[in-house]
Amino acid sequence: MTAAPLALSDLTVGQELARTEHELTRDTLVRYAGASGDFNPIHYNDTAAQQAGLPGVIAHGMLTMGTAITGLLEALGDPTAVRDYSVRFTSPIEVPATGSVTLEVTAVVGAIDETAGTARVDLTAQSGGTKVLGRARATVVPVGRA
């Protein structure tokens, strides 16, 4: 369910807009590989991942990035309100052969530019207590400003 679109006047610095948890499984990785065309074996084969110096199979970076912003998109009520989104990948998410791993994301208003009609939203993304995205930021133009 999508929220009603937010206006810039609805936002304050420090305001939490979204807090989400996303379960990632090997099935998630297979489905993402099929959709994206990224069939690098580090995303499905433990031996290949370990030979590449990784602890095991890891989630795709772009899957992590895309999943991390979904809570914010729902909170905004209008996905076209996001004008810019960038992250730094700080740690891979190891996905176990069975079961799942959780990606926890919090989206907080970091700054508001009244003149430009934009807000910067800072996302914190972690898995197992480890920060997986650094400097994850979205610039949003809430309803009423184009």
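The values are calculated or read from the model by the stated rules, or taken from the named source; none is laboratory data. Note that the structure is predicted; figures quoted are calculated from it, not measured. Quick reminder, even Gly has a Cβ in these numbers, built from the backbone with ideal geometry, and neighbours come from all protein chains shown. Protein only, heavy atoms only, side chains kept; ligands, DNA and RNA dropped before computing areas. Shrake-Rupley method; radii C 1.70, N 1.55, O 1.52, S 1.80 Å.
Of the residues making up the range 38-53, none is within 15 Å of S100 (Cβ to Cβ) and of a type in the set (D, E).
Within the range 41-53, one or more residues are assigned to a loop (DSSP other than H, G, I, E, B), farther than 19 Å from L133 by Cα, open to solvent by 50 Å² or more (accessible area, probe 1.4 Å) and among the polar types (S, T, N, Q).
For the range 55-66, which positions are open to solvent by less than 40 Å² (accessible area, probe 1.4 Å) and not in a helix (DSSP H, G or I)?
G56, V57, I58, A59, H60, listed by residue number.
Applying the criterion of being among the charged types (D, E, K, R) and within 15 Å of V82 (Cβ to Cβ) to the residues of the range 114-146, the residue that is surrounded by the fewest Cβ atoms within 10 Å (Cβ to Cβ) is R145. Is it fair to say A111 is modelled with pLDDT of 95 or more, more than 16 Å from K131 (Cβ to Cβ) and not hydroxyl-bearing (S, T, Y)? The answer is yes for A111. The number of residues in the range 21-40 that are in contact with a helix residue (DSSP H, G or I) (Cβ under 8 Å, 6 or more places away or on another chain), outside any loop (DSSP other than H, G, I, E, B) and open to solvent by 30 Å² or more (accessible area, probe 1.4 Å) comes to 4.
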